[in-house]
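Worksheet for the structure shown next.
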Amino acid sequence: MTYSQNITEARQTIGENQQTWNGIEAESVARMRLQNRFRTGLDIARYTAKIMRADMAAYDLDPAAYTQSLGCWHGFIGQQKMISIKKHFGTTKGRYLYLSGWMVAALRSEFGPLPDQSMHEKTSVPALIEELYTFLRQADARELGMLFRELDAAKAAGDAVTTHRLLHKIDDYQTHVVPIVADIDAGFGNAEATYLLAKKFIEAGACCIQIENQVSDEKQCGHQDGKVTVPHEDFIAKIRAVRYAFMELGVDDGVIVARTDSLGAGLTKQIAFTKEAGDIGDQYNAFLDCEEVTTVGHGEVLISRDGKLMRPKRLASNLFQFKSGTGEDRCVLDCITSLQNGADLLWIETEKPHIEQIAGMVDRIREVVPNAKLVYNNSPSFNWTLNFRQQVFDAWTAEGRDLAAYDRAKLMSVDYDGTDLANEADEKIRTFQRDAAARAGIFHHLITLPTYHTAALSTDNLAKEYFGDQGMLGYVKGVQRQEIRQGIACVKHQNMSGSDIGDDHKEYFAGEAALKAGGAANTMNQFAA
């Protein structure tokens, strides 16, 4: 509905109640409606699911149409990312937000900072989804409010051309609300617990839920040791639980990302149930590290394989061990079974960013599921500089190039910055997402913890300058002046926090009697230029 149509509809309703609704202005109602386009989280989930499905279809036609996101731990952070994207690129198309369970654990738990082991309050995750969308909707209200003020000024000046342009801009307004890929860890319990929590995610606005195949009560960060996976039927039950949650709430095109941690997981908590040779349980058990036995000892667990009694290797922790070197095979089986049982996208957690390693697994998956697509964690847990310098070093070694000037064990050294090897490595990092989208089936690239690190880095720089001999200049030169020069909206922090929106509402509610904050004495006027 256009701005004019909103005004007409509001005017009709007001007219029907004109004897008691004195002072309600149709144009003000229209503005408030446009500034609050999404009434509920389910409105957001349905809207963003359609965006994500369209992007997935576009990627299937052209791998250059991959998508990206950055991880968030606060609504303000997500809001500022989308404001920046609109400012620099003019559109939010193909750009999402990622909600990282790691950052919720580290930064949002009432227990204080926690490791990524599902120990934080599970309700804090849907609460963050709701918070992110609250801030994104406020970004819409703020930007539209500024357009309405420009429109009023153009009308007051009798500028018909500018008035027409602004009306067109309002009608074509692109929201800051984008898909969020939301991390539900391993489901925080059994399949029923997963279903109940998934509903909270979706009701808060999530159109995409990422779930991993680790044991819920043994969950580890994907880039740490000690990961324990579950049999496929257990994981599939949780995927189904998430799908049921989407469908119950009327988000039929909700997206499920099935994550496998099998590449770095050498343990399982249970032996899979199997009815016959070759079924999914039998395939899972085939990876167990076993030895043939002829006698049975006290308290042993045995399985039969090809008519033989086998003893799976069981640790003192009561966990069973997989055969060494089976990680990639298990990942491929995980991915195929997930896609065949309700998942839409895959996530393969790797120990390094290596395109051919990922592509080798994706090629095998696509032999069974041709349109298989991945979400990939461009993780800060990787030392990107070292990894890619080593990859270039190894490639040059294979080519027979002279590498006498380089020591592979010390490639991270600053002494190599600016060398031919370092420059080539940096170029490979620059094009990694594009190249991996084309070669390795990666539809969505994300960085899980970027603002965790940027907040620490910028705070360190400010503290060093402000508490050092630069004093106040450390803040002014390093922060405020940069905000002004780069056009960062937050330099007008009162406006960003909603002060001008509040002034508009005061005027709607009280007319000339409104006590507004944005007058001549407001110091934000110093930033008008």
Original post:
Which one of these does T194 not meet: (1) within 18 Å of the chain's Cα centre (by Cα); (2) modelled with pLDDT of 95 or more?
Top reply: (1)
Original post:
Regarding L446, is this residue assigned by TED's automatic domain parsing to the domain that holds R364 and surrounded by 12 or more Cβ atoms within 10 Å (Cβ to Cβ)?
Top reply: yes
**OP:** Take G145 and decide whether it is in the same structural domain as L70 (by TED's automatic domain parsing), closer than 25 Å to N36 by Cα and among the small types (G, A, S).
**Re:** yes
Original post:
Of the residues that sit in the stretch 277-322 and are surrounded by 12 or more Cβ atoms within 10 Å (Cβ to Cβ) and polar (S, T, N, Q), which one is farthest from D334 (Cα to Cα)?
Top reply: Q321
Original post:
H168 passes all but one of (1) under 24 Å from N36 (Cα atoms); (2) in contact (Cβ under 8 Å) with a residue 12 or more places away in the chain; which number fails?
Top reply: (2)
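Any idea how many residues of the stretch 10-29 are in a loop (DSSP other than H, G, I, E, B) and touching a residue at least 12 places away in the same chain (Cβ under 8 Å)?
So the first thing to find is which residues in the stretch 10-29 are in a loop (DSSP other than H, G, I, E, B), and the list is 17-25.
The next check asks that each one be touching a residue at least 12 places away in the same chain (Cβ under 8 Å); those that pass are 23, 25.
Of the residues in that region, 2 qualify.
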Original post:
Hey, among Y466, Y508, which residue is over 25 Å from K81 (Cβ atoms), surrounded by 16 or more Cβ atoms within 10 Å (Cβ to Cβ) and without any contact (Cβ under 8 Å) to a residue 40 or more places away in the chain?
Top reply: Y466
Original post:
If you scan the stretch 148-161, which residues turn out to be over 29 Å from G78 (Cβ atoms) and in a helix (DSSP H, G or I)?
Top reply: D152, A153, A154, K155, A156, A160, V161
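When you go through F246, F273 one by one, which is the residue that is within 30 Å of M56 (Cα to Cα) and assigned by TED's automatic domain parsing to the domain that holds D183? So that I can check it myself, show each step before the final result.
Working: F273 fails: within 30 Å of M56 (Cα to Cα).
It is F246.
Looking at D415, D460 in this structure, which one is outside any strand (DSSP E or B), more than 30 Å from V104 (Cα to Cα) and not polar (S, T, N, Q)? If you could, list the steps in order and put the result at the bottom.
Details: D460 fails: more than 30 Å from V104 (Cα to Cα).
So the residue among D415, D460 that is outside any strand (DSSP E or B), more than 30 Å from V104 (Cα to Cα) and not polar (S, T, N, Q) is D415.
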Subject >> Qualifying residues in the stretch 14-41 (those that are of a type in the set (V, I, T) and surrounded by 13 or more Cβ atoms within 10 Å (Cβ to Cβ)) - the one farthest from A510 (Cα to Cα) >> reply: I14
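Conditions tested, residue by residue: (1) outside the structural domain of T326 (by TED's automatic domain parsing); (2) part of a helix (DSSP H, G or I); (3) within 22 Å of V104 (Cα to Cα).
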position	(1), (2), (3)
T163	no, yes, no
L167	no, yes, no
Y173	no, no, no
A182	no, no, yes
D185	no, no, yes
I209	no, no, yes
G226	no, no, yes
**OP:** Go through the stretch 261-311 and give me each residue that's part of a loop (DSSP other than H, G, I, E, B) and of a type in the set (G, A, S).
**Re:** A265, G266, A272, A277, G278, A286, G297, G299, G307
Subject >> Options A54, A105: the member that is among the hydrophobic types (A, V, I, L, M, F, W, C), assigned by TED's automatic domain parsing to the domain that holds H176 and within 30 Å of N6 (Cα to Cα) >> reply: A54
**OP:** Name every residue in the stretch 71-111 that is surrounded by fewer than 17 Cβ atoms within 10 Å (Cβ to Cβ) and in a loop (DSSP other than H, G, I, E, B), in order of residue number.
**Re:** G90, T91, K93, S109, E110, F111
Original post:
For the stretch 237-252, does any single residue satisfy the condition of being surrounded by fewer than 22 Cβ atoms within 10 Å (Cβ to Cβ), on the phi > 0 side of the Ramachandran plot and within 25 Å of the chain's Cα centre (by Cα)?
Top reply: yes
Subject >> Unmet criterion (only one of (1) among the hydrophobic types (A, V, I, L, M, F, W, C); (2) part of a loop (DSSP other than H, G, I, E, B); (3) within 15 Å of Q390 (Cβ to Cβ)) for A404 >> reply: (3)
Original post:
What is the one condition in (1) in a loop (DSSP other than H, G, I, E, B); (2) touching an Asp or Glu at 6+ places or on another chain (Cβ under 9 Å) that P115 does not satisfy?
Top reply: (2)
Original post:
Among the residues of the stretch 380-397, which ones are crowded, with 21+ Cβ neighbours inside 10 Å and touching a residue at least 40 places away in the same chain (Cβ under 8 Å)?
Top reply: F388
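Mind telling me which of the residues A204, A193, A182, A186 ends up being surrounded by 23 or more Cβ atoms within 10 Å (Cβ to Cβ) and out of contact with any strand residue (DSSP E or B) (no Cβ under 8 Å at 6 or more places or on another chain)?
Numbers: A193 fails: surrounded by 23 or more Cβ atoms within 10 Å (Cβ to Cβ); A182 fails: out of contact with any strand residue (DSSP E or B) (no Cβ under 8 Å at 6 or more places or on another chain); A186 fails: out of contact with any strand residue (DSSP E or B) (no Cβ under 8 Å at 6 or more places or on another chain).
After ruling out the rest, the residue left standing is A204.
The values are calculated or read from the model by the stated rules, or taken from the named source; none is laboratory data. For clarity, every value in this text was computed on a predicted model and none was experimentally measured. No Cβ is skipped: glycine too gets one built from the backbone with ideal geometry, and neighbour counts run over all protein chains shown.
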